[in-house]
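J.: I am attaching a structure below and will ask some questions about it afterwards.
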Amino acid sequence: MARKTAPPCIVWFRDDLRLSDHPALHFAASREAPIICVYVLDEHSAALRSPQWRPFGGATRWWLAQSLRALQADVAALGSVLLLRRGAAAQVIADLARETGADCVAWNDIAMAPHRAVSDDVVHALSDIDVASRISYGDLLTEPSTIRNKQGHGLRVFTPFWNRVRSGGDPPAPLPRPKRLHGPTGLTSDDLARWQLEPRHPDWAEGLRATWAPGETAAQTRLADFLDGDIFGYAIARDRPDRDRTSHLSPHLRFGEISPRQVWHAARFAADRNPGIAGDIEKFLSELGWREFCRHLLHDVPDIATRNLQPAFDAFPWRRDKDALRAWQRGRTGYPIVDAGMRQLWQTGTMHNRVRMVVASFLVKHLLLDWRDGEAWFWDTLVDADAGSNPANWQWVAGSGADAAPYFRIFNPILQGEKFDPDGDYVRRWVPELTHLPAKPIHKPWTATPIELASAGVRLGQTYPEPIVDHGQARQRALAAYAKIRG
């Protein structure tokens with residue numbers, strides 16, 4: 001007598017576009033029943049009408065399309081299909097369960113208020129049709145509920161937060177990738193191209209395609225290459241945009257193509273294998289810890305992208321200057337390190353971390369423009385735009401956030417360029433009109449001699465802009481504005 005096939009289990013992919021260390025997929029595979037993999041592009045759930053929900057920006061939409069193609073190929077290689085469906089997740093998944101006779105749906109939790117609200121809707125919809133829900137955890141190293149102070153609140157200072165995380169020891173070991181995926185055939189799937197996630201007219205993604213290879217395989221390769229190479233001297237070299245010795249893992253983490261646990265354990269293994277890089281590994285892991293800190297902060301403060309965490313900044317006299325904002329966005333401020341960073345962002349969807357701090361400080365302190373204007377631009381143009389890290393980092397620079405840099409810490413873009421791009425290589429790469437300037441004046445071209453400017457083909461105010469604001473005057477203006485809210 002033929003053995004009766006067990007009902008299938010649906011695995012709902014979200015911000016976890018990978019097959020290894022995927023708790024929900026691991027659970028489904030352990031049942032030895034058919035598995036239906038599905039990704040839902042949800043722009044319609046009632047929970048997403050909350051002001052805390054943020055639709056994908058342009059760059060992250062592009063990345064999502066590439067990542068889904070990579071995941072489709074990976075799922076197909078294991079013998080199954082990744083279904084693509086569009087609509088309110090609760091309705092789409094409940095309909096898919098009815099269509100396939102699935103008796104359970106498994107997914108991984110995302111510790112963000114809108115995502116958990118959508119998850120709750122799915123649970124209720126499945127309960128109504130007697131289908132079980134199985135929610136796993138794996139998006140973070142630790143769940144926000146485990147790091148609390150005596151009053152039950154999350155920690156607002158990074159060092160004690162990270163010490164608490166570290167005191168818990170290593171996170172669980174990553175889960176293995178399934179060897180095979182067996183699922184029913186004949187199910188309909190949306191055509192990814194019809195979702196129109198990628199730009200067409202105009203197609204501004206050429207620089208993104210030249211820079212990035214989204215997907216789980218690329219993420220694993222990038223991590224391995226980093227730990228075999230650029231990790232050596234990382235603690236110091238990470239601040240040098242001209243050397244570009246960072247891991248470039250942030251967009252892969254953003255879309256869950258690799259998990260924090262995988263990064264952690266790979267880094268610890270590298271340190272055990274080569275004790276000489278222990279300090280570099282610790283610094284690298286602390287960057288992973290900062291991502292964790294920002295996501296825990298977002299869990300406690302869902303409106304972090306719009307609300308000052310320091311209420312005093314509600315009275316800050318921000319300026320409204322569309323021309324200045326546009327000059328900053330397009331890398332036309334007249335400060336080469338700022339312009340190089342903004343042009344790198346526009347062309348590649350990323351920016352070196354040190355330069356991110358410089359350009360953010362320039363916007364909120366030199367130009368006195370609201371940090372939310374800068375955060376919104378980064379949200380749309382960064383391939384790693386993360387709902388926790390992006391606003392938390394902007395508030396950190398502005399002085400309005402948790403564990404924030406003091407407002408009176410005003411980066412001098414000239415000195416920052418001279419210190420971290422001493423030969424001007426980073427500026428020359430992204431501001432080609434300054435290519436032939438000598439190193440000494442390249443971060444302050446207005447100080448170059450007429451002969452140096454002529455030899456370099458630079459005409460200030462024509463081929464490259466004059467500074468839109470004087471550093472010294474801007475600094476004094478910023479300090480005066482800050483004094484007003486100090487009382």
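J.: Where does each of Lys179, Lys419 land when they are ranked from fewest to most other beta-carbon atoms within 10 angstrom?
T.: Lys179, Lys419
J.: If you don't mind, there's one more thing I want to ask. Taking Cα atoms, how many degrees apart are the long axis of helix 158-167 and the longest axis of the chain, rounded to 10 and kept between 0 and 90?
T.: Tilt relative to the chain: about 40 degrees.
J.: With θ set to phi - 60°, apply the Karplus curve 6.51 cos²θ - 1.76 cosθ + 1.60 along the stretch 31-46 and write out the HN-Hα couplings as whole Hz, x wherever there is a Gly or Pro.
T.: 7, 6, 10, x, 10, 10, 8, 9, 10, 10, 7, 9, 10, 10, 4, 4
J.: Counting pairs of alpha carbon atoms under 8 Å apart in space and at least six apart in sequence, what relative contact order in percent does the stretch 9-138 give?
T.: This gives 35 percent for the stretch 9-138.
J.: Is the shape of the stretch 9-138 rounded, prolate or oblate, going by the alpha carbon gyration tensor and its root eigenvalues a ≥ b ≥ c, with a/c under 1.5 for rounded and a/b larger than b/c for prolate?
T.: Oblate shape, in that a/c is at least 1.5 and b/c is the bigger or equal ratio.
J.: Quote to one decimal, in nm, the extra length available between Phe56 and Ala405 on full extension: 0.36 nm per residue of separation minus the C-alpha distance between them.
T.: Contour length minus the Cα-Cα distance gives 122.8 nm.
J.: In addition: How high is the relative contact order of the stretch 355-487, given as a whole-number percent (alpha carbon pairs under 8 Å, six or more residues apart)?
T.: Here the relative contact order equals 22 percent.
J.: Next up: Full-extension gain between Lys484 and Asp103, please, as 0.36 nm times their residue separation minus the C-alpha to C-alpha distance.
T.: 131.0 nm
J.: Can you sort His201, His299, His252, His436 from fewest to most other Cβ atoms within 10 Å of each residue's own Cβ?
T.: His201, His436, His299, His252
J.: Go ahead and run the numbers for FRET between Lys179 and Gln151, Cβ-Cβ distance against an R0 of 56 Å, rounding to 0.05.
T.: 0.75
J.: How far is helix 216-228 tilted off the main Cα axis of the chain, in degrees rounded to 10, range 0 to 90?
T.: Approximately 50 degrees, to the nearest ten.
J.: If you don't mind, another one. What does the helix-only formula give at 222 nm for the chain: each DSSP H stretch with n ≥ 4 adding -39500 (n - 2.57), the total divided by the residues, and the result rounded to the nearest 500 deg cm²/dmol?
T.: Dividing the helical sum by the residues of the chain leaves -13500 deg cm²/dmol.
J.: Over what distance in Å are the Cα centres of the stretch 443-481 and the stretch 373-393 separated?
T.: About 28 Å separates the Cα centre of the stretch 443-481 from the one of the stretch 373-393.
J.: Moving to a separate point now. What does the extension gain come out to for Phe232 and Trp195, with contour length at 0.36 nm per residue minus their alpha carbon separation?
T.: 9.1 nm
J.: Moving on. Quick check on the exposure proxy: order Trp107, Trp212 from fewest to most C-beta atoms within 10 angstrom.
T.: Exposure proxy ranking, most exposed first: Trp212, Trp107.
J.: Say each of Asp95 and Arg330 gets a label point 7 Å from the Cα, pointing the same way as Cα to Cβ; how far apart are those two points in nm?
T.: 4.4
J.: To test your reading of the geometry: what angle, between 0 and 90 degrees and rounded to tens, separates the Cα axis of helix 58-77 from the longest principal axis of the chain?
T.: For 58-77 against the chain, the angle is about 40 degrees.
J.: What FRET efficiency comes out for Thr142 versus Arg429 if R0 is 35 angstrom and r is the Cβ-Cβ distance? Round to the nearest 0.05.
T.: 0.35
J.: Right, another one. In percent, what relative contact order does the chain have, based on Cα pairs under 8 Å that are 6 or more apart in sequence?
T.: 17
J.: Related question: In nm, give the distance between the simple-model label positions of Trp446 and Asp244, each being 7 Å from the Cα along the Cα-to-Cβ direction.
T.: Going from the Trp446 label point to the Asp244 one covers 3.0 nm.
J.: Let me ask another. Tell me, how many Å apart are the Cα centres for the stretch 198-262 and for the stretch 23-78?
T.: Each part reduced to its Cα centre gives a spacing of 20 Å.
Readers should treat all values here as calculations from the given coordinates under stated rules, not as data from a laboratory. In this text, all values refer to a predicted model and were calculated from it rather than measured experimentally. Glycine gets a Cβ as well: all are built from the backbone with ideal geometry, and neighbour counts include every protein chain shown.
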